[in-house]
Amino acid sequence: MSSNKHPSFLNRYQENISKNMKNAFSGHDMPIYDHLKYFLGWTDVNGNKIKDYSGKILRSSLCLLTSDSLNGDLRTSIRAAVALEFVHNFSLIHDDIEDQDKFRRHRLSLWAIWGIPSSIVSGNALLTLGNLEIGNITNDKLPLKIIKKTQKLLTLSYLRMMEGQFLDIHYESQIRITIPEYLRMINLKTSTLIECSLILGLLTSNYSNEDLEYQFSSLGKILGSIFQIRDDILGIWGTDKTGKPIGSDIKKKKKSLPIIHGLSHQNLSISKKIHNFLSQKSISEFDVKQVIEILDKAGSEKYCQKLINQYWLEGEKIITNLEIPISFKNDFKELGSYLSGRSS
């Protein structure tokens, strides 16, 4: 069962995450950090302070939720959480450049204000801050073996995330993509870092249990797939709450799951019409509406939502079997329901 209700546990950790993210900027006063403070939602374009961090803080909160559910020390896990948030936002800065998206979170994206070259460097700086933050776990009381594992895990995770992003870009120029190929791509691009969030929460709790690690790993993959497929739905049938112009995925000819479903439809007339639109030099607003009508006829939105629901059934089973307090099981279930039906 899906829900639009914002998960309450995200508010539980927000202040702690935001405070520690800002602390990580201490001593870094070059202009490049002003750009990052803008992107993270701490300042306006002129450097004036505004309301706190405006991102979803999903990955960092998942790290702390997992640690909390295992009675871990959040003073240790918060370093991993901040690192995750920096790595995620680094990917968003570069993603906006790759997709030529001029808006992020209802504001101008970094490259749209300061240009592509400086935004690439700014993104790289944020990734480096993430590396430094995960490196600071050496100051905490964890076995050296666990410390090394956390650092290696984060590095491998953002490497896989880049592999997925490369495939996503490559698929834009590829005529035919199969649904299994797409699902493999989003597993790398989106699920990897969400999976990493849960495992880092476990590791920084100094909790060693292979079965539990496998359960959290599987849950992370499922939540990541749900997140991305729902994102694909919103990219076509969403509302202004998404923070990006409606229909932008169609206009950019992105091979999102609804498009791939339509292209591979058994009704050759539907498949051919979508292919013809994507083959045009550019796609107008009128074309976007026509493509949506064709996808509606193909049942592409229903197909995507059905797949989400199937993933979530598996996710619920995993959560039910987790050996953690029931209150934390409810937090994970609330998140899954939200991701399955979110409107932003």
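The values are calculated or read from the model by the stated rules, or taken from the named source; none is laboratory data. None of the values given here were measured: they were computed from a predicted structure. Quick reminder, even Gly has a Cβ in these numbers, built from the backbone with ideal geometry, and neighbours come from all protein chains shown.
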Exercise. State whether the residues of segment 192-205 include one that is surrounded by fewer than 21 Cβ atoms within 10 Å (Cβ to Cβ), touching a residue at least 24 places away in the same chain (Cβ under 8 Å) and touching a Leu at 6+ places or on another chain (Cβ under 7 Å).
Key: no
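Based on this model, can you work out whether GLN165 counts as surrounded by fewer than 18 Cβ atoms within 10 Å (Cβ to Cβ) and in contact (Cβ under 8 Å) with a residue 60 or more places away in the chain?
In short, no.
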Quiz item: Hey, does segment 74-88 have a residue that's among the charged types (D, E, K, R), more than 24 Å from SER256 (Cβ to Cβ) and touching a Phe, Trp or Tyr at 6+ places or on another chain (Cβ under 9 Å)?
Solution: yes
Exercise. Take segment 278-293 and flag every residue that is within 15 Å of TRP237 (Cβ to Cβ), touching a Phe, Trp or Tyr at 6+ places or on another chain (Cβ under 8 Å) and free of Cβ contacts under 8 Å to residues at least 40 places away in the same chain.
Key: GLN290
Exercise. All but one of (1) of a type in the set (Val, Ile, Thr); (2) under 22 Å from the mean Cα position of the chain (by Cα); (3) farther than 19 Å from PHE216 by Cα hold for THR150, so report the exception by its number.
Key: (3)
Quiz prompt | Residues that are without any contact (Cβ under 8 Å) to a residue 24 or more places away in the chain and not polar (S, T, N, Q), drawn from segment 169-189 | solution = HIS170, PRO180, GLU181, ARG184, MET185
Quiz item: Can you name the number of the only condition in (1) of a type in the set (Gly, Ala, Ser); (2) modelled with pLDDT under 90; (3) out of contact with any Phe, Trp or Tyr (no Cβ under 9 Å at 6 or more places or on another chain) that GLY243 fails?
Solution: (3)
Quiz item: Which condition does GLY130 not pass, out of (1) out of contact with any Phe, Trp or Tyr (no Cβ under 7 Å at 6 or more places or on another chain); (2) surrounded by 14 or more Cβ atoms within 10 Å (Cβ to Cβ); (3) not β-branched (Val, Ile, Thr), if it passes all the others?
Solution: (1)
Practice problem: Inspect segment 39-46 for any residue being within 27 Å of GLN228 (Cβ to Cβ), surrounded by 14 or more Cβ atoms within 10 Å (Cβ to Cβ) and of a type in the set (A, V, I, L, M) and give the result as yes or no. | Solution: yes
Practice problem: For ILE229, state whether it is in contact (Cβ under 8 Å) with a residue 12 or more places away in the chain and out of contact with any Leu (no Cβ under 7 Å at 6 or more places or on another chain). | Solution: no
